[in-house]
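Participant: Got a structure for you, questions after.
The values are calculated or read from the model by the stated rules, or taken from the named source; none is laboratory data. Quantities reported herein were computed from a predicted structural model and do not represent experimental measurements. Quick reminder, even Gly has a Cβ in these numbers, built from the backbone with ideal geometry, and neighbours come from all protein chains shown. The area values use the complete protein model at the heavy-atom level, side chains included, leaving out ligands, DNA and RNA. Shrake-Rupley method; radii C 1.70, N 1.55, O 1.52, S 1.80 Å.
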Amino acid sequence: MVRSLIALLAFVISIFGAKISNPENNAIVRPLVSSDAPAMPNQVIEPQCNEIESHVGLLKDTRSFREARGTLLDSSKNGYGLFSLETNPIAASGDNILISYRSWDGLDGSSGVLGAALSVDAGNTWQINTGINSSVGSMARYPSALLAENYPIVMWNEYGGGGGIFGQRAYYSFATSGLAGNDYALPIDVSDNPTENDLAKSLSRLNYDNSGNVILNAFYVDYTTGGHMHTRATSNAPWDGSSFAWSQMEQITNISVFLGEWMNDHTISTGSFDINDDGVGYYSISGYWADTTVISNHTVFVKRTEDYGLTWSEWSHFSDESLNNYFSEVFPDSVWDESSSSWKFLPDGWKLFINYDIETLVDANGNLHIFAGVFPDVDFTIYHSAWDESDGLYHFKVPNDANWGGEALEPSINFIASMYDTWNHGEPFFLYGNAWSSARDLSLDGHLYIAYSRIAGNSTLTNSLDIFGSYSTDYGTTWSEPFNITQTEDSNVFDEADPHLAIDADNGTIRMVYQIPNWEVPTTGAAESSKDYMNYIYYNEYSFEDVVIVNIDDIANLPTEYKLDQNFPNPFNPSTTLRYGLPEDSNISLVIYDVRGQVVQTLESEHQSAGWYDVVWNGHTAEGKTISTGIYFARLVAGDYSQVVKMLYLK
């Protein structure tokens with residue numbers, strides 16, 4: 001089997017509309033940008049509808065598609081609006097797409113001006129509104145987007161007006177004109193007692209029950225106590241655009257049962273959740289249990305609902321034994337350190353660390369899917385930037401019929417992509433922020449998708465962060481090789497970061513919002529990460545349906561150059577396929593080596609005609625023995641051409 005080339009469409013941008021001065025603020029400040037930076041859209045500013053600014057225009061990308069593969073929507077003063085993995089700033093349903101973000105307000109303006117971009121024609125044109133929170137202070141944090149059938153909804157928390165140390169307050173708003181999207185209501189409190197808690201990080205989902213009622217679930221972190229809070233609202237009838245009656249805020253996570261103290265040395269993540277259309281859902285966090293003699297790993301803890309979030313189970317957790325048995329075969333006990341020209345060793349007693357960036361998804365059958373980074377840990381010292389290629393993004397699946405509510409769970413585990421080069425990068429701006437985001441396909445059974453920021457190719461220390469994607473057609477049992485979605489590794493400007501997917505994909509197509517920092521415009525003083533610069537907000541639509549596996553007989557065209565593709569699947573067990581192309585008749589050899597450079601198996605060594613070839617390696621040595629878990633290399637030599645790909649075999 002072979003994999004076809006990725007067909008990506010270049011977006012075309014054309015901007016319409018004249019700039020009209022707002023009598024409340026005649027000066028419209030523009031960011032300082034380099035000559036290579038993308039142009040900002042023109043604005044039509046209407047000082048009405050509760051001081052909401054309405055920006056109208058057709059936005060598409062006219063620059064080379066290798067410069068910025070997406071639609072430029074707006075800019076933000078910094079990148080912290082899309083910083084958190086757990087929020088959902090994009091929602092999509094049919095042709096309707098809603099993106100909530102923090103809009104540009106000038107170098108001297110607020111970083112918390114809330115914006116919303118709405119398209120009702122599948123991303124061809126956009127209605128852009130900013131200043132949705134102007135009446136409550138324009139200090140928005142962690143915006144999320146929800147799409148009801150006829151109304152776009154934005155949720156966020158605001159600095160000021162709330163309780164506790166930081167005074168954060170939870171709000172929502174919706175376009176009262178429906179999908180016209182140009183007159184958002186004044187911010188409405190989510191909590192019936194908004195000064196009781198210090199609410200941050202809005203995590204929200206919208207569902208419809210069997211009667212057509214809208215059901216909203218929202219989670220927050222109380223930044224004073226560290227507790228995770230939950231509230232819920234239902235329309236009790238088809239929603240007509242009136243305000244919701246939210247349930248009382250209830251604590252769903254008591255951090256005292258986990259190791260550490262809030263704002264000191266706490267060890268738990270913010271949390272993420274998802275609920276499917278049948279009302280089955282999961283709320284997940286990663287952390288250390290307070291008693292590490294009972295649960296030793298920094299692992300995943302899960303609560304389950306079967307009634308659209310009305311009630312939740314007790315905590316279940318990923319079994320130490322199950323995880324240790326798997327990853328003890330994955331992480332090598334020793335690795336060669338090029339910088340010191342010596343071997344590094346994992347000491348006895350090392351533990352597994354599932355990192356803080358976990359993504360939760362539930363499929364139509366009620367199965368739980370967790371996406372997380374994993375690496376070895378010794379005495380709470382994380383080796384994520386110093387171990388080997390097996391440090392990376394993994395998928396965990398727990399079936400719907402598992403024993404939930406206090407039981408140890410035994411997930412199936414599957415490797416998606418190595419993150420070693422990215423986590424081991426020398427620049428600090430790649431160490432922060434949203435790492436990955438997932439989606440399920442509404443039309444294709446078993447199809448799951450994941451997008452993630454990763455270092456591309458052999459780039460220099462800067463301008464080399466791209467967004468990659470992988471997909472599964474069997475509910476996560478196997479995953480495709482990574483595909484570079486944005487493909488700007490040869491750019492001098494564009495580093496795409498912080499991807500967020502709309503949770504629902506359709507027929508192989510994902511919809512995504514991400515941001516690109518302008519490295520020439522720091523906005524937070526001593527800039528330490530990409531989030532400390534002005535960021536451009538982009539929308540992207542990408543079709544995995546163009547990436548299919550085909551037989552060699554289906555390929556009519558000869559290759560134009562020598563080529564050895566990455567093996568598929570990778571990691572593999574028991575076998576994997578290597579595809580290579582010869583533009584002319586050649587003497588070739590295809591040989592497998594281990595990490596010591598010793599020959600494991602010679603797969604091909606002969607004269608071959610021009611064309612495409614697939615070779616299956618069954619994971620055996622030349623003597624017919626099954627190989628051990630570890631890294632192997634396939635090397636193709638054809639004339640003066642030589643290419644090596646790295647492969648990972650897992651038992």
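Participant: Residues with beta-carbon under 13 Å from that of A638, excluding A638: net charge, scoring Lys, Arg +1 and Asp, Glu -1?
Facilitator: Values: positive: K563, R635; negative: E561, E584, D585, E604, E606, D640.
Overall, the nearby charge balance is -4.
Participant: Please list, in chain and number order, the residues 5+ apart from F258 or on another chain whose amide H is under 5 Å from its amide H, with Hs placed from the backbone.
Facilitator: Here A290 satisfy the definition.
Participant: Averaging over every viewing direction, what projected area does the convex hull of the Cα atoms of region 261-332 cover, in nm²? Working shown, then result.
Facilitator: Numbers: hull surface 26.3 nm².
Computing the convex hull of the Cα atoms and averaging its projections yields 6.6 nm².
Participant: Please give the length that would be gained between E520 and S256 if that part of the chain were fully extended, namely 0.36 nm times their separation in residues minus their C-alpha to C-alpha distance (nm, one decimal).
Facilitator: Working: separation 264, 0.36 × 264 = 95.04 nm, distance 4.36 nm.
Once the chain is fully extended between E520 and S256, it gains 90.7 nm.
Participant: Over 19 Å between Cα atoms: which of K397/K625; K303/K351; K303/K397 fall into that group? Don't skip to the answer; put the middle values down first.
Facilitator: Numbers: K397/K625 31 Å; K303/K351 24 Å; K303/K397 15 Å.
Checking Cα-Cα distances, K397/K625; K303/K351 exceed 19 Å.
Participant: Going by Cα centres, region 318-351 and region 250-298 are how many Å apart?
Facilitator: 25 Å
Participant: Also: With the other protein chains left in place, how much accessible area per residue, in square angstrom, belongs to region 549-651 at a 1.4 angstrom probe? Kindly include the intermediate steps, with their values, before the conclusion.
Facilitator: Details: 5360 Å² over 103 residues.
Using a 1.4 Å probe on heavy atoms only, each residue of region 549-651 averages 52 Å².
Participant: Note down the nm distance, to one decimal, between modelled labels 7 Å out along Cα→Cβ at S243 and at V616.
Facilitator: About 6.4 nm, to one decimal.
Participant: Right, here's the next one. Which FRET efficiency, nearest 0.05, do N213 and A180 yield, Cβ-Cβ r, R0 25 Å?
Facilitator: Working: r = 24 Å, r/R0 = 0.95.
Using R0 = 25 Å, I get an efficiency of 0.55.
Participant: Go from 0 up to the bin containing the longest alpha carbon distance in region 124-171, width 10 Å each, and give me the % of pairs per bin.
Facilitator: Per 10 Å bin, starting at zero, the Cα-Cα P(r) for region 124-171 comes out as 22, 48, 23, 6, 1 percent.
Participant: Taking amide hydrogens as modeled 1.01 Å from N in the peptide plane, which residues meet the under 5 Å criterion relative to K351, leaving out close sequence neighbours?
Facilitator: For K351, whose amide H was placed from the backbone, the distant partners under 5 Å are D377, V378, D379.
Participant: Within 15 Å, Cβ to Cβ, of E410, how many net charges do the neighbouring residues add up to if Lys/Arg are +1 and Asp/Glu are -1? Write out the running numbers ahead of the final one.
Facilitator: Working: positive: K397; negative: D320, E321, D401, E407.
Neighbourhood net charge equals -3.
Participant: Quick check on packing: order 182-193, 300-311 by the mean number of other C-beta atoms within 10 Å, highest mean leading.
Facilitator: The peptides rank, most packed first, as 300-311, 182-193.
Participant: Follow-up question, since we're still on this one. Assuming 0.36 nm per residue, please report the length gained on full extension of the stretch S328 to S642 beyond their Cα-Cα distance. Could you put the intermediate results ahead of the total?
Facilitator: Details: separation 314, 0.36 × 314 = 113.04 nm, distance 3.35 nm.
Between S328 and S642, full extension yields 109.7 nm more.
Participant: Excluding residues on the same chain fewer than 8 positions from K563, give the lysines whose Cα lies under 23 Å from its Cα.
Facilitator: Leaving aside lysines fewer than 8 places away in the same chain, those within reach of K563 are K646.
Participant: Which whole-number value in Å³ per residue fits the convex hull of the alpha carbons of region 230-304? Kindly include the intermediate steps, with their values, before the conclusion.
Facilitator: Numbers: hull volume 8.9 nm³, N = 75.
Spread over its residues, the Cα hull of region 230-304 gives 118 Å³ apiece.
Participant: Gain in length, Q608 to S543, computed as 0.36 nm per residue apart minus the alpha-carbon separation, to one decimal in nm? Mind dumping the intermediate values first?
Facilitator: On the way: separation 65, 0.36 × 65 = 23.40 nm, distance 3.46 nm.
Between Q608 and S543, full extension yields 19.9 nm more.
Participant: Arrange the peptides 238-246, 124-132 so that the one whose residues have, on average, the most other Cβ atoms within 10 Å appears first. Display every interim value, and only then the final one.
Facilitator: On the way: 238-246: 14.1, 124-132: 22.3.
Those peptides, ordered most packed to least, come out 124-132, 238-246.
Participant: On to the next question. Excluding D320 itself, what net charge comes from residues whose Cβ is under 12 Å from its Cβ, given Lys and Arg +1 and Asp and Glu -1? Before the final figure, lay out the partial values.
Facilitator: Numbers: positive: K351; negative: E321, E410.
Summing Lys and Arg as +1 and Asp and Glu as -1 gives -1.
Participant: Please state the shape class of region 179-235: rounded when a/c is under 1.5, otherwise prolate if a/b exceeds b/c and oblate if not, all from the C-alpha gyration tensor. Working shown, then result.
Facilitator: Numbers: a/c = 2.39, a/b = 1.46, b/c = 1.63.
In terms of gyration-tensor shape, oblate.
Participant: Moving on to the next point. Based on the alpha-carbon gyration tensor of region 85-225 and its eigenvalue square roots a ≥ b ≥ c, which shape applies: rounded if a/c is under 1.5, prolate if not and a/b is larger than b/c, or oblate?
Facilitator: Oblate shape, in that a/c is at least 1.5 and b/c is the bigger or equal ratio.
Participant: Could you tell me what % of all Cα pairs in region 335-425 have separations over 17 Å?
Facilitator: Values: 2369 of 4095 pairs.
The answer is 58 percent, as a whole percent.
Participant: Please sort 510-520, 162-172 by packing, taking for each peptide the average over its residues of neighbouring beta carbons within 10 angstrom, highest first. All intermediate terms of the calculation are to be shown ahead of the outcome.
Facilitator: Details: 510-520: 24.6, 162-172: 21.4.
The peptides rank, most packed first, as 510-520, 162-172.
Participant: Using a 1.4 angstrom probe on heavy atoms only, work out the carbon and sulfur share of the accessible area of region 83-165 in %.
Facilitator: Numbers: 970 of 2190 Å².
Percent of accessible area from carbon and sulfur atoms in region 83-165: 44.
Participant: Taking the alpha-carbon centroid of each part, what is the distance from region 89-140 to region 591-651 in angstrom?
Facilitator: Their Cα centres are 50 Å away from one another.
Participant: Still on this structure, I have one more. Could you derive backbone 3J(HN,Hα) for region 134-149 from the dihedral phi with the Karplus parameters 6.51, -1.76 and 1.60 (θ = phi - 60°), listing whole Hz in sequence and x where the residue is Gly or Pro?
Facilitator: Once rounded to whole Hz, the list reads 5, 6, 10, x, 6, 10, 6, 9, 6, x, 10, 10, 9, 10, 7, 4.
Participant: With all protein chains present, how much of the accessible area of region 167-298 (probe radius 1.4 Å) comes from carbon and sulfur, to the nearest whole percent? Show your work: numbers first, answer last.
Facilitator: Working: 2050 of 4690 Å².
Here carbon and sulfur together make up 44 percent of the probe-accessible area.
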